[in-house]
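Please read the structure below before turning to the comments.
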Amino acid sequence: MQFPAPMKPQAPPMGTATAQPMVSLVIFLFFARGFCTVLLDTLIPKLKSLFELSYTEAMLTQFCFFLGYLIFSIPAAYILVRIGYIRAIVLGLVVMTTGCLTFSPAALLGLYPGFLAALFIMAAGMTIMQVTSNPLIAFLGPSKTSYSRLTLAQAFNALGTTVGPLVGAWLILGSAGMPSAGQPLDAKNAVRIAEAHALQLPFLVIAGILAVVAIIFWANRRHPVPKINVINRDIFSGFRLLRNYRFALGAISIFVYVGAEVSVGSIMVNYLAQDSVLAITPFRAGQLLTLYWGGAMCGRFIGSAVLRSVPPGIALSFCGALAALLALLSAYTTGTTAAVAIIAIGLCNSIMFPTIFMLALESLENDKPNGSGILCMAIVGAAVVPVITGAVADRWGLAFALLVPAVCYVWIALYGKFSGRHSSHNIDTELTRQRPVAETRRLAKFQDS
């Protein structure tokens, strides 16, 4: 099987005036992705109570959702270079809409595996959008502001994750009906099915919105966007990019980052509701979850400006180290201190994903779509790390489980330090020093022609 992979330089980044309408549309995709993803954080405690699950079993929702990134990222890159940015986005939106609609039969049957299947379908569409939108937003404008532009787009992603918990707490955690241990089996099943039915509405609304957005993108399918010049290469060609140490370490960093971020968000409702922390209802804890994602949103707007002057590796290293310290502080304290510390991790998360993503991609020159596919595969960390966190929580408690994301953040801090020493600018400068003067002049003359 042949896999199209970019070999020739893509079209140069578009001018600001030409790109602005498409930038706005793509930024809305970031918002929609964040909103849909964070609903899982309020869905987990609901399904855990409805189906009487352990923490490990409840984390299967994250496992099935983010497993899609591992399975579909390379096919998504294949689709991207075959049909282009806009059509790939439309396809991703259609698949996501199908996944949202699948929640209805799952709710009618009241089956936990049905919800997992719906999440898996949603993940397929979201993976296509992720693989497509990240490099696209980087190309829609001057290359020197690509870090800032992607961070700004991620800020709107964080806006979606900030609004999502409020909507999820109201629509998903707002009802009080739950099966109790003393109920007969038939009564438990009746309550379970009734509560499962209440989960249909938010996902039906999301399906309608996604369908409208797909129509808008289809209507703009001829809007000028950078083209991808490709030649055929086998389907596993993208994995050869892992020979680039900086890119490979970046992929691992994406893996541990999304794993840590999702782990913290997934346990937070149950964590804050504990008697040793805030002793509040799941509904109230679900509302406080918005502060965690809101911190990420505020940090990304700030980071979009800061990264114009601060080297990205230094900023990433600082945020990773601070997040690790906050996770440890929350794990070893109680009450308000523990609550504030775990919520504040969201602020540290702010710049991590876009910065890691661009630090890894900038060393690939003309292989960015394949690189984007590999990096999006690494998002499967959000399937693996939360399950590990849940298993630790089942055995030693939620506080001790925070050590898992703490270790992940330490790795991210180290990657920031490494990438700062091995930036593309430093590498290019060193190569220029080593190149003979005659060759430098020859290349400069060739580029000018």
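All of the numbers you see were taken from the coordinates with simple rules; none came from a lab. From a predicted model like this one, the values you see are computed outputs, not experimental measurements. Cβ placement follows ideal geometry from the backbone for every residue including glycine, while neighbour counts extend to all protein chains displayed.
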What percent of all Cα-Cα pairs in the stretch 109-159 falls in each 5 Å bin, counting up from 0? 5, 18, 18, 17, 13, 9, 8, 6, 4, 2, 0
Report the FRET efficiency, 1/(1 + (r/R0)^6), for residue 281 and residue 204, where r is their Cβ-Cβ distance and R0 is 30 Å, rounded to 0.05. 0.70
What does the stretch 277-406 give for Rg and for Dmax, in Å, if only its C-alpha atoms count? 16.6, 53
Which value in Å does the Kirkwood hydrodynamic radius of the stretch 23-79 take, with 1/r averaged over all unlike C-alpha pairs and then inverted? 13.2 Å
Could you tell me which of the pairs 144/227; 48/368; 144/417; 368/417 are separated by over 28 angstrom between their Cα atoms in the structure shown? 48/368
In nm, to one decimal, how far is the modelled label at residue 143 from the one at residue 194, with both set 7 Å along Cα→Cβ? 6.2 nm
For the stretch 31-43, Karplus-derived ³J(HN,Hα) couplings (6.51, -1.76, 1.60; θ = phi - 60°; whole Hz; x for glycine and proline) come out as 4, 5, 4, x, 4, 5, 5, 6, 4, 4, 5, 8, 6
Can you order the peptides 55-65, 277-287 by their average number of other Cβ atoms within 10 Å per residue, highest first? 55-65, 277-287
Scan the stretch 77-146 for trypsin sites (Lys or Arg not before Pro) in coil per DSSP, keeping those whose Cβ has at most 12 other Cβ atoms within 10 Å, and list them by number. none
For a quick check: with amide H placed at 1.01 Å from N, whose amide H comes under 5 Å from residue 52's, ignoring anything fewer than 5 positions away on the same chain? none
Can you grab the distance from the C-alpha centre of the stretch 44-61 to the C-alpha centre of the stretch 111-148, Å, no decimals? 25 Å
